[in-house]
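To keep things clear, I will list the structure first and then write my remarks on it.
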Amino acid sequence: MENSKPKTVDEFIQISPTESQKLMLQLKKLIEATVPDAIGGISWNVPIYKFHGILVGFSLAKRHVSVGIDTLLENVRKSLEEKGYKTGKKTIQIKFDQKIPTREIKQLIIEQAKLNQKQQQND
């Protein structure tokens with residue numbers, strides 16, 4: 001990635017290596033379609049979407065895109081790992097040659113949006 005700091009999600013994608021751009025663009029569209037009121041921006045030098053708090057973000061690694069979300073449910077983690085995705089405590093790694101696990105990521109985003117709304121109501 002170039003040394004310039006992106007100010008928008010689109011800029012982040014545009015200055016990223018070509019082999020990663022399609023995957024990140026698909027993630028961007030998935031996030032925006034799942035929670036249309038989510039606001040995308042750059043925080044910690046990576047794309048982050050906010051909806052009543054941090055919703056979901058993604059970052060670029062050498063050979064994959066990492067999706068970060070607080071609500072990585074155990075049943076979803078197992079499903080993703082069975083399909084060949086590497087997961088961390090709050091992350092899902094999608095290699096450039098893998099398809100986005102749309103159903104699972106959408107489920108996690110919806111769950112996180114509900115939790116964020118509930119948390120905000122309780123504050």
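In a reduced charge model with +1 at each Lys and Arg Cβ and -1 at each Asp and Glu Cβ, the chain shows a dipole moment near 260 debye about its Cα centre. Close amide-amide hydrogen proximity is noted between residue 58 and 68, each under 5 Å apart and 5 or more residues distant or on a separate chain (H modeled in the peptide plane; Pro and chain starts excluded).
As a rough footprinting exposure proxy, the listed residues 77, 103 were ranked by other beta carbons within 10 Å of their own, and the order from fewest upward is 103, 77.
Checking (i) -0.55, -1.01, -1.26, -1.34; (ii) -0.48, -1.09, -1.49, -1.63; (iii) -0.49, -1.03, -1.34, -1.43 against log10 I(q)/I(0) by the Debye sum over Cα atoms at q = 0.13, 0.19, 0.22, 0.23 Å⁻¹ calculated from these atoms, the matching label is (iii). Between the alpha-carbon centers of the stretch 96-119 and the stretch 15-35, tell me the distance in whole angstrom. Distance between centres, Cα-based: 14 Å.
Sorted ascending by nearby beta carbons within 10 Å, beginning with the fewest, 49, 85 become 85, 49.
Taken together, the values in this text are just the output of simple stated rules run on the coordinates, not laboratory data. Values in this document were obtained by computation on a predicted structure and should not be read as measured data. Quick reminder, even Gly has a Cβ in these numbers, built from the backbone with ideal geometry, and neighbours come from all protein chains shown.
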